[in-house]
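Notes follow once the structure below has been shown.
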Amino acid sequence: MTLTGKKIVLGVTGSIAAYKAVELVRELTKAGASVRVVMTEAAQRFVAPLTFATLCRQAVLTDHTAWEAEMPHLGAAQEADLVLIAPATADIIAKFAHGIADDLLSTLFLACTRPVILAPAMDADMYRHPAVQDNLARLRSWGVRIIEPATGELASGVWGPGRLTECVEIVQAVAETLCPARDLSNEVVLITAGPTREPLDPVRYLSTRSSGKMGYALATEAAARGARTILVSGPSALSPPAGVECIRVETALQMREAVLDRLAEATVIIKAAAVSDYRPAHPAESKLAKCDGLLTLDLTPNPDILQEIGAHKDRRIVVGFAAETGELIPRARHKLSAKHLDLIVANDVSQKDAGFGSDNNQVILLDSTGGVEPLPLLPKREVARRILNRVVALRHTTGHSA
Ligand code: CTP
């Protein structure tokens, strides 16, 4: 792993785990990064700035030194490729989540337009408190990556979540963010996204509440990781991600045709589209006029595209989605086996702040070996990253090359 030439601002805050940030600086510099440390007042009670200054070969920024330079928060935020806060206390998490800028580090956060990674460390009950969890969820929704703390014996003697994650994992997260792995460069990933529209007449249609954000996030992430990426998209207001071939369709039948047309090339298929299960049996050629009383529509089933692919999957990895409003896991598991999938992404679309139209999603990943991985509420790009991590792992376990 190399971070050669990368500039990292490391924010160290007042936790007993501040001493572990010393090791972190060593690992980051060993990987080739240049590290600029910013310490809060409380952090300096645990570790002396001189320790970091010696290891980084550059002065540490503190609230005190801030007055000696002109706008140091802007300078440091602009020169960094990434800002990492480790350890991050409940206090700095709350400040970041609420835009409080009363010291150098919290001001720097507001001025920062680069990726931010945060590794919390605190006592277990503090970490579990809804105030901390809400603040973390808010930061995640802004794209801040949170490295969840490890569970173990804490400084208080209590056992629980709150230990600063191991240095190697933090350095790995930094590397993944700054130099995304090209681990899908042998794959052709075909993704479907958005809703379908089934015409009733020339001006009306049946559709599903889907913005396409999850499928577009998957396409963006797949392309960033080196895959040749084909996005078959139902109507969506989103622009096609750079480097992705986008095929626009409207109806389920058109989506099926586009998918089958490109099936031979695809080595991974991810069906994030919310396909309409039915279409009007007799769409009118001219606008339907209003009539008195009830209007009855005849609907005919659309083909299940995913089922069709699952039946002829060969060496392809096939991932489906299950959008549910109840009995999430049993229904998703049924779809996983009925459609011969390798992985299904189950989400409860009745949940507030997640699912259709939202920038975030909270999903459970179920695989064909019985594995169940619930994910926290995350930005859709991060959900996409986790799904594609599973695709890479599946490719390794099946032993089949793409
Ligand atoms: N799907 C598909 N073609 C359809 C319907 C669904 O390819 N005609 C795919 C979706 O893209 C998704 C998965 O099948 O990946 C599950 O879709 P979902 O709507 O959750 O389930 P259905 O199989 O349609 O079952 P139901 O609507 O009864 O829950």
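Per the listing 359, 353, the residue uniquely open to solvent by 70 Å² or more (accessible area, probe 1.4 Å), at pLDDT below 90, within 17 Å of the chain's Cα centre (by Cα) and on the phi > 0 side of the Ramachandran plot is 353.
If you go through segment 255-268 and pick out every residue that is touching a residue at least 12 places away in the same chain (Cβ under 8 Å) and either open to solvent by 80 Å² or more (accessible area, probe 1.4 Å) or within 11 Å of the ligand (Cβ to nearest atom) (or both), you end up with 3.
Against the test of being among the acidic types (Asp, Glu), farther than 21 Å from residue 225 by Cα, touching a helix residue (DSSP H, G or I) at 6+ places or on another chain (Cβ under 8 Å) and modelled with pLDDT of 90 or more, the options 367, 348 yield a single qualifying residue, 367.
Scanning segment 220-248 for residues that are more than 21 Å from the chain's Cα centre (by Cα), within 16 Å of the ligand (Cβ to nearest atom) and open to solvent by 20 Å² or more (accessible area, probe 1.4 Å) yields a count of 2. Within segment 95-104, the set of residues being surrounded by 17 or more Cβ atoms within 10 Å (Cβ to Cβ) and under 20 Å from residue 127 (Cβ atoms) comprises 95, 96, 97. Residues in segment 269-286 that are among the hydrophobic types (A, V, I, L, M, F, W, C) and either under 23 Å from residue 204 (Cα atoms) or surrounded by fewer than 24 Cβ atoms within 10 Å (Cβ to Cβ) (or both): 5 in all. Summed over segment 269-317, residues that are near the ligand (Cβ under 7 Å from one of its atoms), among the β-branched types (Val, Ile, Thr) and over 29 Å from the mean Cα position of the chain (by Cα) total 0. The C-beta contact set for segment 295-307 (first residue closer than 12 Å to residue 206 by Cα, second residue open to solvent by 60 Å² or more (accessible area, probe 1.4 Å) and within 8 Å of the ligand (Cβ to nearest atom), distance under 9 angstrom, 6+ apart or interchain) comprises 299/277. If you take the residues of segment 323-337 that are open to solvent by less than 40 Å² (accessible area, probe 1.4 Å) and modelled with pLDDT of 95 or more, which of them is nearest to the ligand (Cβ to nearest atom)? The qualifying residue nearest to the ligand (Cβ to nearest atom) is 332.
Report yes if residue 58 is of a type outside the set (Asp, Glu), part of a helix (DSSP H, G or I) and out of contact with any helix residue (DSSP H, G or I) (no Cβ under 7 Å at 6 or more places or on another chain), otherwise no. No.
The values are calculated or read from the model by the stated rules, or taken from the named source; none is laboratory data. A quick note: this is a predicted structure, and the numbers were derived from the prediction, not measured. In this analysis, Cβ positions are derived from the backbone assuming ideal geometry, glycine residues included, and neighbour counts consider all displayed protein chains. Just so you know, the surface numbers come from the protein's heavy atoms only, side chains and all, with ligands and any DNA or RNA stripped out. Shrake-Rupley method; radii C 1.70, N 1.55, O 1.52, S 1.80 Å.
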